[in-house]
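S.K.: Quick one: the structure is below, questions incoming.
What follows is calculated from the coordinates using simple rules that are stated; it is not laboratory data. Not measured: the values here are computed from a predicted model. Here the Cβ is made from the backbone with ideal geometry for all residues, glycine too, and neighbour counts use every protein chain on show.
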Amino acid sequence: MGHRMERIGKTEDGVMAKVVGKGSRKGSTFFGRAGDLIQRPPAWAAIAAILSATGDRGRRAALRGGVCYLSAALAHLPIKAVVRRRHPRGSALHQLGPVTSSFPSGHAASDLAFAMGAAQELPLAFLPLSCCTMAVHWSLVRKRAHYPTDVLAGGALGIAVAFAAWKLWPPVHAAGATPEASAGSGVGLDGRSNSRRPPTEGGAVASAEDSEVVEGGKPT
């Protein structure tokens, strides 16, 4: 597998030379500088703290995002050990290292896992968080830290981790209302009201629609 990745890497080297040249350590635009900053783990910890400050849903989103982030960070390590792909030429000029395999990108996996995991509890957060991940992914390619396929593979892994979290640990709004909660709210699981009128002495339910019985047993 390593030789095959080397051949793919040579092709990508040519593409990257045309797109980013020799690369650059720092972004020259706001988007690039944002990506350089957000790819660091403390930045995602700060994002989690901001989400937590918005309320209960925000705290659940931060927790789910953090769990997905750590899960993706751990899940990509065995793949690196198997593939053992070198980083793009010149990558050491723009970062510390590299000390691990280039494939897949751990940053891309963790960042996208956080974004998609948090959005499961707080959908409105998906757009700003996805913009953050896009900035990170571009920064990784611009600095020649990773090949584009490294970033794509890392992103796919992040999506897989978030999907697994959805299935194994459903978010609150996806799990549905419990029967107890539904009974207390007066709304059943089918969306209909389940409120009941107080029973009469004989156990029958009194209602405005009940027919009144007159003498002789005939309804009015």
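S.K.: When Lys and Arg each count +1 and Asp and Glu each count -1, what net charge do the other residues less than 15 Å away from residue 67, Cβ to Cβ, add up to?
M.R.: +2
S.K.: Arrange the peptides 119-126, 39-46 so that the one whose residues have, on average, the most other Cβ atoms within 10 Å appears first.
M.R.: Averaged packing, sorted descending, gives the order 119-126, 39-46.
S.K.: Would you please put 30-36, 146-152, 103-109 in order of how densely packed they are, using the mean number of other Cβ atoms within 10 angstrom per residue and starting with the highest?
M.R.: Descending packing order for the listed peptides: 103-109, 146-152, 30-36.
S.K.: Here's something else I'd like to know. Show me the three semi-axes of the equivalent ellipsoid for region 1-77, from the C-alpha gyration tensor (sqrt of 5 times each eigenvalue), largest first, rounded to whole Å.
M.R.: 34, 20, 8
S.K.: So, counting K/R as plus one and D/E as minus one, what does the shell of residues with Cβ under 10 Å around residue 32 add up to?
M.R.: Spelling it out: positives minus negatives among the neighbours equals +3.
S.K.: Straight-line reach only, C-alpha to C-alpha below 21 angstrom: list the lysines that residue 26 could link to, leaving out same-chain residues fewer than 8 apart.
M.R.: The qualifying lysines are 18, 143.
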